[in-house]
Amino acid sequence: MKLKVPKKKPAKALLLLLAFAVLLGISLFLLLSFSPYPEIQAFLQKSYSTAVFDRDGILLQVLPLDDGLRRQYTPLEEIPEVLVSSFIQAEDKRFYEHHGVDFIAIIRALFQNISDKRIVSGASTITMQLARLISPREDRNLAIKIKEAFDALRLECRLSKKEILDLYLNNVPFGFNTEGVTSAAKTFFSKELNELSEAEIRCLSVIIRRPSSYNPLKEPEKCTNAVMDVFGNDIEEDTILKAARQACSYDYPFLMPHYINFLKAEYPQEFSGKKAIRLSASAYLQGYIEELLTTSVKKFESNRITNGAVLVLDTRTAEILAWAGSSSFQDETNKGQLDGVTVPNQPGSSMKPFLYALALDKGYLPSDILPDIPTDFGFEELYIPQNFNNRFNGPVRMRTALASSLNVPAVYLLNRIGIKSYLSKLFQLDFQSLKQADPGLGLALGNAEVSIYELASAFSVFPRDGIFISPSYNKEQAAIKEKAAYSVYSKDTARIICSILSDANSRSTGFGFSTVFQTPFSSIFKTGTANQYQNITALAATPLYTVGVWMGNFTGETVIGKTGSSIPASMAKEILCFLQGAREVPFKEPEQFKKERICSLSGKKAGDLCPTSLYEYIPVASIAEESYCDWHTGTGIKYPAEYEKWLLMKTRTGTADGKTSTFSIVSPKDGSVFFHDQSSALNKRQNLSLEFSGGAEDSMQLKISDGENLMETTLNRPFIISIPIRRASYTIEAVCGAETVESRFSVR
């Protein structure tokens, strides 16, 4: 009987083995692809040095990273193919044939090192080198090498060969605070990548092996030998040596430092990214402005002007065209690294246009009369503004008050409109510096600190029909900000302000016919001086350009001699002329206003008795309702009651018609506090002037009590009296016809 031998089933075992292998392969793939690898995510978020160019493509700066390192980014498709192939040939010839670890290279290196009894060559692939960059370790042992190999396999499972090359070439270290081939091309050869010769590319590809030894700037011969060892004779040795010897370190440009520092702080994400940024600013214009600023500061050094700042905007788009933060960034003596464009300073009268524009929007007219007379404002904090020339002009038209920068009318307007309302408008103009300010009525005269950046930005709304656009650094950002633009003043208000600030005749009351403000094209100017003369500013604009200039000292010292703003105004004028030449771009006319003939004194329609008249904008809707001048009469000029005291200050023609207004106390205001002068001799009593205005009668009865004494008297027009005072609380009661007014004040 024959025994039956069971048949072998090799197919089943093979299938099991194959299934196990597939399962193992899948498991390994999943492990490599999805095991936690937080280091790569952090590496992908690395910052790069942003290259900043001007509007014409001139390189302004390559921004170093926080540690001083420069690492620029260039997409792989923009890196020359010859450079890519050169690095592959030098570092990993089989890059496209392995999956992160080159086992053939490992075996070859192992035999070479055993044969020579020393480490002759390594077997690190480009992917393993990238893994080392992603997870740097100081120790170099077998365990670390195995970990690098594992990470290289993980990278190959997660990234394409193209992505690996992109990361490697943009991050490979060359020493000397340089990473990536783009920065290396500049550091060692002062060239862009696409300007490198093949010999220079060969030199770059060997530097990474030993930066301290193969640096062509210091060791051109060693660099050449390394190239010949790696690449052989595909390029003649003399050609390589010549390229190495001609290597020259790149002097990175450092243009517009204040502006770029501002941009880095304001837009940290944009200015630490991979893409190069092109600004709207012009290096050519910047150079002209810096030279002009330096010359001006040096010229007026004897006036204790040690610094200045300039900002130039495109009026239409609010793009920044130039930004000079000081006369010299390197001037440590005068704090040149401070940015005068953003440092808040008292702007003085430069702020007035924003107040007058608000008044126009609230119904005031450029023909309205404002009092430029001695006036005290406030209560416990008594405020008596003075004009810069210490003169009072009596009744002045709003146009003249703004164009000639008179102080009292400005404070009068703010007192009527209200500080809260004005601050709200200034916040619309993005005066962030005023968020914590509590300036009082002095805000009308610019006693609160703001920056030239804020001033110039706000001033540009007038030739832009009252539309506010936040300043931008290039056209792309300007397009975004233009969509967020909003109206701050009405179109006609903005156009009337431009008419006033470009009116040489109305400016003459305060400045004469100064040539400082005269340009061969339509332009507007406004200047300002801080109350202690430590800052002088000028704003100038056309429909095309806006210029802001600050001059003074970062130390806060006062300017000596010329305290006016003619110095920065001259600079602003020169910059406008440099930009615009003689090209005329007129300001637009108001749409809802029409010019009518008015009396130059009263601001009303000119009558037959008015000796002088002029044309002024009047709302079309109210022209027929405007009344004729009643100040000029057959017996002379008859002023309103509030000008009584002003008429008495000098010999003037005309009288004040006190009966034209209600009876009121001009001074002292209710709640006022005065302080007794300790320096006066004990036997001399101090006096206080009391003033009343209006009333239906030509006489009034006055009662004054200090708690112990009562004084009664009768006054005839003008209702002004001087009384002796002591430390006490006073009560005033005044009666004129059927009207009674009261006031309380104290003397401390």
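The values are calculated or read from the model by the stated rules, or taken from the named source; none is laboratory data. From a predicted model like this one, the values you see are computed outputs, not experimental measurements. Cβ: placed from backbone, ideal geometry, glycine included. Neighbour counts: every protein chain shown. Note: areas computed on protein heavy atoms with side chains; ligands, DNA, RNA excluded. Shrake-Rupley method; radii C 1.70, N 1.55, O 1.52, S 1.80 Å.
Somewhere in region 440-460, is a residue at pLDDT below 95, assigned to a helix (DSSP H, G or I) and buried (at least 23 other Cβ atoms within 10 Å of the Cβ)? Taking every residue of region 440-460 in turn, at least one turns out to be at pLDDT below 95, assigned to a helix (DSSP H, G or I) and buried (at least 23 other Cβ atoms within 10 Å of the Cβ). Of all residues in region 58-103, those satisfying the criterion of being at pLDDT below 90, farther than 20 Å from Arg158 by Cα and acidic (Asp, Glu) are Asp66, Asp67.
Taking residues in region 427-452 that are without any contact (Cβ under 8 Å) to a residue 12 or more places away in the chain, and partners anywhere that are surrounded by fewer than 17 Cβ atoms within 10 Å (Cβ to Cβ) and in a loop (DSSP other than H, G, I, E, B), the pairs with Cβ atoms closer than 8 Å and at least 6 places apart or on different chains are Phe427/Lys435.
Of the residues Ser421, Ser451, Ser470, which is hydroxyl-bearing (Ser, Thr, Tyr) and out of contact with any Ser or Thr (no Cβ under 8 Å at 6 or more places or on another chain)? Every option except Ser421 fails the conditions. Restricting region 347-374 to residues that are in a loop (DSSP other than H, G, I, E, B), in contact with a strand residue (DSSP E or B) (Cβ under 8 Å, 6 or more places away or on another chain) and open to solvent by 10 Å² or more (accessible area, probe 1.4 Å), the residue that is nearest to Gly528 (Cα to Cα) is Ile373. Among the residues of region 394-422, just one is open to solvent by 10 Å² or more (accessible area, probe 1.4 Å) and either under 20 Å from Val343 (Cα atoms) or among the aromatic types (Phe, Trp, Tyr) (or both), namely Tyr412.
Of a type in the set (D, E, K, R) and open to solvent by less than 80 Å² (accessible area, probe 1.4 Å): which single residue out of Glu616, Glu584, Glu574, Glu589 fits that description? Before you say what the answer is, go through the steps one by one.
Numbers: Glu584 fails: open to solvent by less than 80 Å² (accessible area, probe 1.4 Å); Glu574 fails: open to solvent by less than 80 Å² (accessible area, probe 1.4 Å); Glu589 fails: open to solvent by less than 80 Å² (accessible area, probe 1.4 Å).
After applying the criteria, what remains is Glu616.
Suppose the filter is more than 17 Å from the chain's Cα centre (by Cα), open to solvent by less than 10 Å² (accessible area, probe 1.4 Å) and within 26 Å of Leu402 (Cβ to Cβ); does Ala318 pass it? No; evaluated as a whole, the condition is false for this residue.
Out of curiosity, is Asp465 at negative phi, charged (D, E, K, R) and over 17 Å from the mean Cα position of the chain (by Cα)? Taking the combined requirement at face value, the residue does not satisfy it.
Does Glu712 qualify as being acidic (Asp, Glu), modelled with pLDDT of 75 or more and farther than 19 Å from Pro640 by Cα? So Glu712 passes the test.
Tell me, yes or no, whether region 190-201 has at least one residue that is open to solvent by 10 Å² or more (accessible area, probe 1.4 Å), under 37 Å from the mean Cα position of the chain (by Cα) and over 21 Å from Glu77 (Cα atoms). Yes, there is a match, as at least one residue in region 190-201 is open to solvent by 10 Å² or more (accessible area, probe 1.4 Å), under 37 Å from the mean Cα position of the chain (by Cα) and over 21 Å from Glu77 (Cα atoms). Cβ separations smaller than 9 Å between residues 6+ apart or across chains give the following pairs from region 137-155 residues that are free of Cβ contacts under 8 Å to residues at least 40 places away in the same chain to residues that are of a type in the set (S, T, N, Q): Lys145/Ser124; Lys147/Ser135; Glu148/Ser124; Glu148/Gln129; Glu148/Ser135.
In region 719-739, which residues are in contact (Cβ under 8 Å) with a residue 24 or more places away in the chain and either under 11 Å from Gly695 (Cβ atoms) or among the hydroxyl-bearing types (Ser, Thr, Tyr) (or both)? Walk me through how you get there before you give the answer.
Taking region 719-739 first, the residues in contact (Cβ under 8 Å) with a residue 24 or more places away in the chain are 719-727, 730-739.
Residues satisfying the conditions are Phe719, Ser722, Tyr730, Thr731, Ala734, Val735, Cys736, Gly737, Ala738, Glu739.
Would you confirm, using the coordinates I've provided, whether Lys46 is touching a residue at least 60 places away in the same chain (Cβ under 8 Å), among the basic types (Lys, Arg) and open to solvent by 30 Å² or more (accessible area, probe 1.4 Å)? Break it down stepwise before answering.
On the way: touching a residue at least 60 places away in the same chain (Cβ under 8 Å): yes; among the basic types (Lys, Arg): yes; open to solvent by 30 Å² or more (accessible area, probe 1.4 Å): yes.
Judged against the criteria, Lys46 is a match.
Every test in (1) open to solvent by 40 Å² or more (accessible area, probe 1.4 Å); (2) under 30 Å from Asp339 (Cα atoms); (3) among the hydrophobic types (A, V, I, L, M, F, W, C) is passed by Leu609 save one, and that test is (2).
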